[in-house]
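Peer 1: Sharing a structure, written as C-alpha cells. Questions coming.
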Amino acid sequence: MALRRALLSSMLFISLFISFTEARELLVGGNSNAWKIPSSESESLNKWAEASRFQIGDSLVWNYDPSKDSVVQVSKKDYDSCSTSSPIAVYKDGNTKVKLDKSGPFYFISGADGQCEKGQKLVTVVLSGRHGFFHLSPAPSPVEFEGPAVAPTSGGTSLRGGFMVIFGVLVGLLLF
C-alpha cells in the first residue's frame, strides 16, 4: 500500500509539473480572423493580450491574407509611432508563428499602410519565467502601454488534458 501511495504521489507531481510548464501556441486574438483593424476598443488585440499570461517558450500565431497584410515586430518607439522603417522582424507568409523567447514586452504592428494607425497592433508582455503551479504573477500595469488592445484567447494547443486522462487511468489501475 505504501508503494502505491508513493507511486501515485510521484505520478501526480510529474503530471502537474508537465502540464504547468509546457509551452503553448496562442492564436492571436483567439481566432483566425483577429489580425485586422478593431471595430472598437473592446475588440482591440491589446485587450486580448492584457487578459492573458504569456510565458517564455510560448508562441503567438497569426493567420491573415499575405497579399493584403503582414506582421511587423518593432521597438516600443516604432510601435508608438506606427513606423515600419526599422523593424526587428517582418513576417509575410499569412500563417506567422513567433516564439516568445525572452521576458518583457513584444511589440507588433500591421505592415499594411494605415492599418497600425487605425489600431491594428499588439503588445504582449512575457513573464520572467515559469514559476510553477503555486506562483501567481500580477498583471502588467495598464498605464505602461497605450493604444487599443484586444485580449488574447488561447487557441493554443495543450497536452494537459492528455496527461490528466493518463493520470486518471493509472490511478484507476493502482486502486483496483
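The values are calculated or read from the model by the stated rules, or taken from the named source; none is laboratory data. The shown structure was predicted, so the numbers you read here are calculated from the model rather than taken from an experiment. Quick reminder, even Gly has a Cβ in these numbers, built from the backbone with ideal geometry, and neighbours come from all protein chains shown. The area values use the complete protein model at the heavy-atom level, side chains included, leaving out ligands, DNA and RNA. Shrake-Rupley method; radii C 1.70, N 1.55, O 1.52, S 1.80 Å.
Peer 1: Could you list, in sequence order, all residues of segment 39-57 that are under 14 Å from Phe108 (Cβ atoms) and in contact with a Lys or Arg (Cβ under 8 Å, 6 or more places away or on another chain)?
Peer 2: Result: Leu45, Asn46.
Peer 1: Which ranges mark the strands (runs of 3 or more DSSP E) fully within segment 55-133 that have 2 or more residues being open to solvent by less than 60 Å² (accessible area, probe 1.4 Å) and either β-branched (Val, Ile, Thr) or closer than 14 Å to Leu45 by Cα (or both)? Break it down into steps so the answer makes sense when it comes.
Peer 2: Details: elements: 59-63, 71-74, 89-91, 95-99, 104-110, 121-126.
Filter on segment 55-133 gives 59-63, 71-74, 95-99, 104-110, 121-126.
Peer 1: Are any of the residues in segment 20-39 open to solvent by 40 Å² or more (accessible area, probe 1.4 Å), at pLDDT 85 or above and touching a helix residue (DSSP H, G or I) at 6+ places or on another chain (Cβ under 7 Å)?
Peer 2: Checked against the condition, which is being open to solvent by 40 Å² or more (accessible area, probe 1.4 Å), at pLDDT 85 or above and touching a helix residue (DSSP H, G or I) at 6+ places or on another chain (Cβ under 7 Å), segment 20-39 yields at least one hit.
Peer 1: Do you know which of the residues in segment 40-54 that are open to solvent by 20 Å² or more (accessible area, probe 1.4 Å) and part of a loop (DSSP other than H, G, I, E, B) is farthest from Thr96 (Cα to Cα)? It would help to see each step written out before you state the result.
Peer 2: First, pick out the residues of segment 40-54 that are open to solvent by 20 Å² or more (accessible area, probe 1.4 Å): 40-43, 47, 50-53.
Pick out the ones that are also part of a loop (DSSP other than H, G, I, E, B) and you get 40, 51-53.
Working: Ser40: 24, Ala51: 22, Ser52: 19, Arg53: 20 Å.
This residue is Ser40.
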